[in-house]
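The values are calculated or read from the model by the stated rules, or taken from the named source; none is laboratory data. Note that this is a predicted model, so its numbers are computed, not measured. FYI the Cβ positions are ideal-geometry reconstructions off the backbone, even for glycines, and counts take in every protein chain you see. Just so you know, the surface numbers come from the protein's heavy atoms only, side chains and all, with ligands and any DNA or RNA stripped out. Shrake-Rupley method; radii C 1.70, N 1.55, O 1.52, S 1.80 Å.
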Amino acid sequence: MFRLLSILAVTSVLSIGSGHAGAGKTDLGVQTLYYGGDIVTMEGDEPTYVEAVMERDGRIIYAGPRASAVNNFAGETIKVDLQGTTLMPGFIEPHAHPVSIGAFILANDIVAPHEWRMPNATYPGVSGKENYLKAVRAIIDSKKDKSQTVLIWGYHKSWHGELTLEELDRVTGDVPTIIWQRSTHEIYLNTACAKKYGVHKGDLSREDDEQADWENLHFWERAYQMIKGTKLAPFFGDRKMLQRGMDRISAVMQQNGITAMMEPGFPTSTFEDEYQVLKQGTEKARAYTIYLVSGFPEQFVKKLSSDKYAAHIDALPKKYDTEYIRFLPRQYKTFADGAIYSLALQLREPFYNCRECKSEWIIPLKEGEAIFDYWWNKGYKIHIHITGDKAFDAYLDIVERAMKRNPRTDHRTTFHHVGLFDGEQAQRAADLGIEISANPYYLWALANKYSETGLGPERAASMVALNEFTKRGVPVSLHSDFAMAPADPLLLAWVASNRIIDDGRVMKPEERIPVYDAMKGITIAAARTFEMDHEIGSIKVGKQANFTILEQNPFKVDRSRIRDIPVLGIVYKGKMKLNGERKVSGDRDELGCIRSAGYRWCEKTGQCERPWLLAKQKGFENTPEAFGAWCDNVLMRKKEPPPGNH
């Protein structure tokens, strides 16, 4: 749902008041007042509204009646009339992989079962083995430089049939090719690719070799992580490619109203490559914060002891935090069973109509419990990748044993993904203080196909039954695990509150969650998942001024229409960025800056700035001359800033 609204359309909705913030004023404080629409705070247990919210220096300084707003604050007030639109806390993505998965997918090619609409292209869904191989061949034939490695994401055997090395070589020839399975937990290499990167039998340990099929150059889970992190590291660390994908990730985030994203288990390939791409991408976008949690993938590939890895985690914030990147200490991400998209999840009952399906443990249970216990005893918040009901049972038992041995209050251990579970397991989770971050898109994308093969009708219809948690008071956030689902919070809320699948049917409507819980899942509950609910996630005095602006109020439309609500733009730390093509209109100058709101173009930062705020941040004198000199505006060529800045 990438709706691109022109600035002309948006300015007819968002009019800026007459307050003028000129250079040279004494520093009495300049604040922005938002009013004239539905302002939903997401504080409390039901939709709560305020008439006005005021921001200063990127923080919320007031939320309440409009009449009390202006008179109680000294200084100049810039007024933003919402004109009947809806202002919510900035949407939050609590589990995604922007560089190692998202950027890679968006920088390469997609052949997947369902349609994917990306900023750069729309990729149609493909079903059937011959259609899949035909699509792969078309991509290979389109490449001018046949020596360059080609990566194609989206293969799934339930839609595309079993893939053999012979078939892959037939359609790819001598072009080095990586087929990245839909789950991103598996890869298939063609012969040319294995030769190019020196992938040979004997590269893996005996234990990891159990998750490899050398005859077909197919690697999954630990074997995949090891091959990706070693032999294929030069490809997966290609910064130029990653940066191209990161620019597209930034566009996706703004279009869908995301102002914060958490990646658990950073990095999944090489630290410096992923970090530098994130740093460059976030500083270019200036529209969101990325929060990072370390974990098993890096520790496993580097073969570090837990003590050494703990020291590494402790040192990250001081060394690597920026204005837009935050490393979160005292949190760790680990893994239970295999990916649901690979049909490798651990199940209580056998797979349905799928002789080739095989359950996997990413980390064997004995080792997994030892890892969990180490970080539990250090007082860390632990994030666990869990997809199947048998794995859910296993880690309920692990948490229960840890609680008996070393009781902890408010530990907020979070089970991520949770494809299958039942009411009894949900009750145990509630009793143990376990929290949930779920991917509801599993239901939409997989229920239809998995009812035929893999899970069967009953289990497929019961996937991600989140009402079992919400009715028991268990905090639930909603994530995409991008690209396991589109990074589209309203889409996730729509699936969770409707339980509609890809063919339009509703699966177990009694498991729909209330719309308010769904919206909490992409705001305040999402912030809670990574311990940032004191900073973001709701409209409350003292929190960051991160907002998402919607054309309609999700609490006032039919729940079936939530995914169709246009996202008009965001406010990130007090700076508004509107979706759509940049056009000069009304109050905007030739560079797109809203002059009555005090904005002027700054060549150095590449965006419109409020001179007095920039002077305060950067330490230069608050005069037009000093602003122009600092921004290099004397040498400025007249050019249009990137879409979304103002």
(Q) Which count do you get for residues in the stretch 332-355 that are within 19 Å of E367 (Cα to Cα) and either assigned by the TED database to the domain that holds S158 or part of a strand (DSSP E or B) (or both)? (A) 5
Q) Of the residues T177, T172, T191, T164, which is surrounded by fewer than 20 Cβ atoms within 10 Å (Cβ to Cβ) and within 22 Å of G128 (Cβ to Cβ)? A) T164
(Q) Looking at the stretch 214-269 only, could you name the residues that are in contact with a Ser or Thr (Cβ under 9 Å, 6 or more places away or on another chain) and β-branched (V, I, T)? (A) I258, T259, T268
Q. Among the residues of the stretch 614-633, which ones are in a helix (DSSP H, G or I), open to solvent by 70 Å² or more (accessible area, probe 1.4 Å) and in contact (Cβ under 8 Å) with a residue 12 or more places away in the chain?
A. K616, K618, P624
Q: Go through the stretch 291-322 and give me each residue that's in a loop (DSSP other than H, G, I, E, B) and free of Cβ contacts under 8 Å to residues at least 12 places away in the same chain.
A: K303, L304, S305, D321
Q: Identify, by number, the condition in (1) modelled with pLDDT of 90 or more; (2) of a type in the set (S, T, Y); (3) closer than 27 Å to I249 by Cα that Y35 doesn't meet.
A: (3)
Q: Show the residue pairs that are 6+ apart or on different chains and have beta-carbon atoms under 8 Å apart, the first residue being within the stretch 421-448 and closer than 16 Å to L478 by Cβ, the second being of a type in the set (S, T, Y) and part of a helix (DSSP H, G or I).
A: E435/T529; S437/T529
(Q) Given the condition open to solvent by less than 40 Å² (accessible area, probe 1.4 Å), modelled with pLDDT of 90 or more and either assigned by the TED database to the domain that holds I501 or in a helix (DSSP H, G or I) (or both), answer yes or no: does some residue in the stretch 559-582 qualify? (A) yes
Q | Single match in E283, E274, E215 (criterion: at pLDDT below 95, of a type in the set (D, E, K, R) and either over 25 Å from P566 (Cβ atoms) or out of contact with any Gly (no Cβ under 9 Å at 6 or more places or on another chain) (or both)) | A | E274
Q. From G295, G281, G257, G245, which residue is under 29 Å from D373 (Cβ atoms), among the small types (G, A, S) and open to solvent by less than 20 Å² (accessible area, probe 1.4 Å)?
A. G295
Q: Restrict the check to the stretch 199-220 and report whether at least one residue is open to solvent by less than 10 Å² (accessible area, probe 1.4 Å) and in contact with a strand residue (DSSP E or B) (Cβ under 6 Å, 6 or more places away or on another chain).
A: yes
